[in-house]
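Peer 1: The structure that follows is given in the form of structure tokens.
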Amino acid sequence: MNKISIHGEWSSKMAFILAATGSAVGLGNIWKFPYMAGQYGGGAFVIAYLLCIIILCLPVMMAEVMLGKRGRCSPINTMRNLVRETSQSKLWVLLGWSGALAGFLILSYYSVIAGWAMAYVPTLATGTFTEINNIPASEINDFVDSIFNSLIENPIELISWHTVFIIITMIMVAGGVKGGLEKAVNFMMPALFIVLLVLVGYAMSTPNFSEGFYFMFNFNFNDLLYLNCTETSCELSGEGLLAAMGQAFFSLSLGMGSIMVYGAYLPKDASVSKVTTAVVLADTLVAILAGLIIFPIVFSNGLEPGAGVGLVFKTLPIAFGQMPFGTLFGTLFFILLVLAALSSSISLVEPAVAWLIETGKFNRISASVTSGLLVWLAGLITVFSFNIWSEIKPLAGLNLFELLDYLTSNIMLPLGGLLIAIFVGWLMKKTVVAEELNSSIDSFIYYIWYFLLRYITPLGVGIVFLNAIGIFS
Ligand code: TRP
């Protein structure tokens, strides 16, 4: 099974790192991480998130890249190849299928949120938020709220941006592995990083920087042990712990095949542990920076950390409205955010597109168009759940968007990760695994990784699941 994938190969190891970082860094870091941390009480969530990244996700990520590298196909056919190689039950192919479905569902809402970021580009570029300097401080919150709300309450506008985003995504996917993707990510990541640093500088100049900092990093270990959360205190509940785990998987693009399919395009001699560690570090750094920017602004302006999905869109414009060159930086920031979202969104459909091509009935272009149309249609559910369907709450008081997010992030991704850990840790031959990792079986890193993957990851994910349904309380 040493063949090269029919879809192509990265031109270098660095190209893989950039593409995988491009997949990982996106709305998950800048939009989702801060609002989830805000909703679940700050420090306790952040520490749970970091622990999940290190203990659960890092091992799974290496395993997922390794699976792709071994199977050399779309996740569905990679699993088919590996099931044959290991003589396991065909049911394992379902892992590939559920991944493709998860990617499809995630992209359907991801595109709508990316549309918000797109909508903010012209809003910022025209200097809308400099108005903040002319109104009394007490009205600033209402001002940013009203701009955000008038966007999400307008289905036509949301659909338009969603359409644009899907079209660009599909053009990039149609371009193939090496085309535009490698080049775009090359300059975008460093640029995004620089703008984030400038914003951290601004955040440090706000009166409540230390409060924001404290909010993010203040925790005590009891928070993690307390499984029952009350309304008034910020101890992490079982639900919060599940959300932190889901967010860790989401942010690293794990558990659905994005990283697996990128691994399939990895040159044979690449060291899996080094490339994955680089991706994890970059992704985590961006999330932490986003939090360090947003929470000081929240506290300095008397906003609510638990404001929910609109948090980034209500806080950053305040900064851009007030800081020198804010219009320029703000416009640049949202452009970069859209680019970061694009480099993530392509990895969400790549597993499905690669599979369609492998069926022999599609070429890259027709596969991209077909998936794009389907995802676009599914995206309407999310569009409407912010306006005309906002009162439709079929389950547990969650609207349709929230349900989609819950189902994919909190259930499908960690479950995918759990199954990957079991497959690689227990069913594949140790020698094959070591060979693909380019590691010797008795190296120390390999030993630790294998131990985490076999025992700790499955146990950890299992405990978080059981805890969330209240087994331990
Ligand atoms: N990780 C990306 C983000 O943080 C989103 C993403 C891309 C993703 N591919 C994925 C999430 C696969 C889950 C699974 O924005």
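Peer 1: From the list VAL432, VAL424, which one is more than 27 Å from the chain's Cα centre (by Cα) and assigned to a helix (DSSP H, G or I)?
Peer 2: Result: VAL432 is the single residue among VAL432, VAL424 that is more than 27 Å from the chain's Cα centre (by Cα) and assigned to a helix (DSSP H, G or I).
Peer 1: Does PHE45 meet the test of being assigned to a helix (DSSP H, G or I), away from the ligand (no atom under 15 Å from the Cβ) and open to solvent by less than 10 Å² (accessible area, probe 1.4 Å)?
Peer 2: Yes; evaluated as a whole, the condition is true for this residue.
Peer 1: Which pairs turn up if I take residues in the range 98-110 that are within 18 Å of GLY417 (Cβ to Cβ) and look for partners that are open to solvent by 10 Å² or more (accessible area, probe 1.4 Å) and more than 7 Å from the ligand (Cβ to nearest atom) with beta carbon separation below 6 Å, at least 6 apart in sequence or on another chain?
Peer 2: Final answer for the pair search is ALA100/ALA352; ALA102/MET412; LEU105/LEU404.
Peer 1: Here's something else I'd like to know. Based on what the data block shows, is MET323 more than 16 Å from the ligand (Cβ to nearest atom), over 15 Å from GLY42 (Cα atoms) and at pLDDT below 95?
Peer 2: yes
Peer 1: Related question: Which of the residues spanning the range 246-279 are in a helix (DSSP H, G or I), of a type in the set (A, V, I, L, M) and over 12 Å from the mean Cα position of the chain (by Cα)?
Peer 2: MET260, VAL261, VAL272, VAL275, ALA278, VAL279
Peer 1: To continue, here is another question. Evaluate the range 403-410: report whether one residue or more is of a type in the set (D, E, K, R) and modelled with pLDDT under 95. Steps first, answer last, please.
Peer 2: The initial filter retains those residues of the range 403-410 that are of a type in the set (D, E, K, R), namely 405.
Now drop any that are not modelled with pLDDT under 95, which leaves none.
No, there is no match, as no residue in the range 403-410 is of a type in the set (D, E, K, R) and modelled with pLDDT under 95.
Peer 1: What's the total number of residues in the range 433-450 that are under 16 Å from GLY68 (Cβ atoms) and modelled with pLDDT under 90?
Peer 2: Total meeting the criteria: 4.
Peer 1: Also, I was wondering about something else. Confirm whether GLY22 is modelled with pLDDT under 95, in a helix (DSSP H, G or I) and closer than 28 Å to TRP161 by Cα.
Peer 2: Details: modelled with pLDDT under 95: yes; in a helix (DSSP H, G or I): yes; closer than 28 Å to TRP161 by Cα: yes.
When the stated conditions are applied, GLY22 passes them.
Peer 1: For residues in the range 368-408 being among the acidic types (Asp, Glu) and in a helix (DSSP H, G or I), which is surrounded by the fewest Cβ atoms within 10 Å (Cβ to Cβ)?
Peer 2: Ranking the candidates gives GLU402 first.
Peer 1: Consider the range 433-473. How many of its residues are open to solvent by 20 Å² or more (accessible area, probe 1.4 Å), in contact (Cβ under 8 Å) with a residue 12 or more places away in the chain and among the hydrophobic types (A, V, I, L, M, F, W, C)?
Peer 2: Total satisfying the criteria: 7.
Peer 1: Would you point out the residue of the range 347-367, among those that are within 16 Å of the ligand (Cβ to nearest atom) and open to solvent by 10 Å² or more (accessible area, probe 1.4 Å), that is nearest to TYR120 (Cα to Cα)?
Peer 2: First, pick out the residues of the range 347-367 that are within 16 Å of the ligand (Cβ to nearest atom): 347-355.
Within this subset, residues satisfying the condition of being open to solvent by 10 Å² or more (accessible area, probe 1.4 Å) are 348, 350, 352, 355.
Working: LEU348: 23, GLU350: 27, ALA352: 30, TRP355: 35 Å.
The residue in question is LEU348.
Peer 1: Residues to consider are ILE152, ILE166, ILE132, ILE147; find the one that is touching a residue at least 12 places away in the same chain (Cβ under 8 Å), crowded, with 20+ Cβ neighbours inside 10 Å and over 25 Å from the mean Cα position of the chain (by Cα). Please lay out each step first, then the result.
Peer 2: Numbers: ILE152 fails: over 25 Å from the mean Cα position of the chain (by Cα); ILE166 fails: over 25 Å from the mean Cα position of the chain (by Cα); ILE147 fails: crowded, with 20+ Cβ neighbours inside 10 Å.
One residue alone meets the criteria, ILE132.
Peer 1: When you check ALA340 against the structure, is it of a type outside the set (Phe, Trp, Tyr), within 11 Å of the ligand (Cβ to nearest atom) and either surrounded by fewer than 24 Cβ atoms within 10 Å (Cβ to Cβ) or part of a helix (DSSP H, G or I) (or both), yes or no?
Peer 2: Against the criterion (of a type outside the set (Phe, Trp, Tyr), within 11 Å of the ligand (Cβ to nearest atom) and either surrounded by fewer than 24 Cβ atoms within 10 Å (Cβ to Cβ) or part of a helix (DSSP H, G or I) (or both)), ALA340 qualifies.
Peer 1: For GLY302, all conditions in the list (1) among the small types (Gly, Ala, Ser); (2) part of a helix (DSSP H, G or I); (3) surrounded by fewer than 24 Cβ atoms within 10 Å (Cβ to Cβ) hold save one; what is the number of the exception?
Peer 2: (2)
Peer 1: Considering the range 298-357 alone, what residues qualify as being small (Gly, Ala, Ser) and either in contact with a strand residue (DSSP E or B) (Cβ under 9 Å, 6 or more places away or on another chain) or more than 30 Å from TRP376 (Cβ to Cβ) (or both)?
Peer 2: SER300, GLY302, GLY306, ALA319, GLY321, GLY326
Peer 1: Here's something else I'd like to know. For the structure I just gave you, tell me whether LYS90 is basic (Lys, Arg) and open to solvent by 10 Å² or more (accessible area, probe 1.4 Å).
Peer 2: Yes.
Peer 1: While we're here: So which of ALA63, ALA15 is part of a helix (DSSP H, G or I) and buried (at least 24 other Cβ atoms within 10 Å of the Cβ)?
Peer 2: ALA63
Peer 1: Another question, then. If you go through the range 257-278 one residue at a time, how many are surrounded by fewer than 24 Cβ atoms within 10 Å (Cβ to Cβ) and within 9 Å of the ligand (Cβ to nearest atom)?
Peer 2: Here the count works out to 0.
Peer 1: Also, quick follow-up: Looking at LEU254, LEU281, LEU292, LEU311, which one is within 16 Å of the ligand (Cβ to nearest atom), hydrophobic (A, V, I, L, M, F, W, C) and open to solvent by 10 Å² or more (accessible area, probe 1.4 Å)?
Peer 2: The match here is LEU281.
Peer 1: Please state which of the following conditions GLU139 fails to meet, knowing it meets all the rest: (1) of a type outside the set (Lys, Arg); (2) closer than 21 Å to LYS430 by Cα; (3) assigned to a helix (DSSP H, G or I); (4) at pLDDT below 95.
Peer 2: Among (1) of a type outside the set (Lys, Arg); (2) closer than 21 Å to LYS430 by Cα; (3) assigned to a helix (DSSP H, G or I); (4) at pLDDT below 95, the lone unmet condition for GLU139 is (2).
Peer 1: Here is a list: PRO190, PRO122. Which entry is free of Cβ contacts under 8 Å to residues at least 24 places away in the same chain, over 26 Å from SER23 (Cβ atoms) and out of contact with any helix residue (DSSP H, G or I) (no Cβ under 7 Å at 6 or more places or on another chain)?
Peer 2: Result: PRO122 is the single residue among PRO190, PRO122 that is free of Cβ contacts under 8 Å to residues at least 24 places away in the same chain, over 26 Å from SER23 (Cβ atoms) and out of contact with any helix residue (DSSP H, G or I) (no Cβ under 7 Å at 6 or more places or on another chain).
The values are calculated or read from the model by the stated rules, or taken from the named source; none is laboratory data. Remember, predicted model here, so these are calculated numbers, not experimental data. Note: ideal-geometry Cβ built from the backbone for every residue, glycine included; neighbour counts use all protein chains shown. Accessible surface is based on the protein model in full, side chains and every heavy atom, while ligands, DNA and RNA are left aside. Shrake-Rupley method; radii C 1.70, N 1.55, O 1.52, S 1.80 Å.
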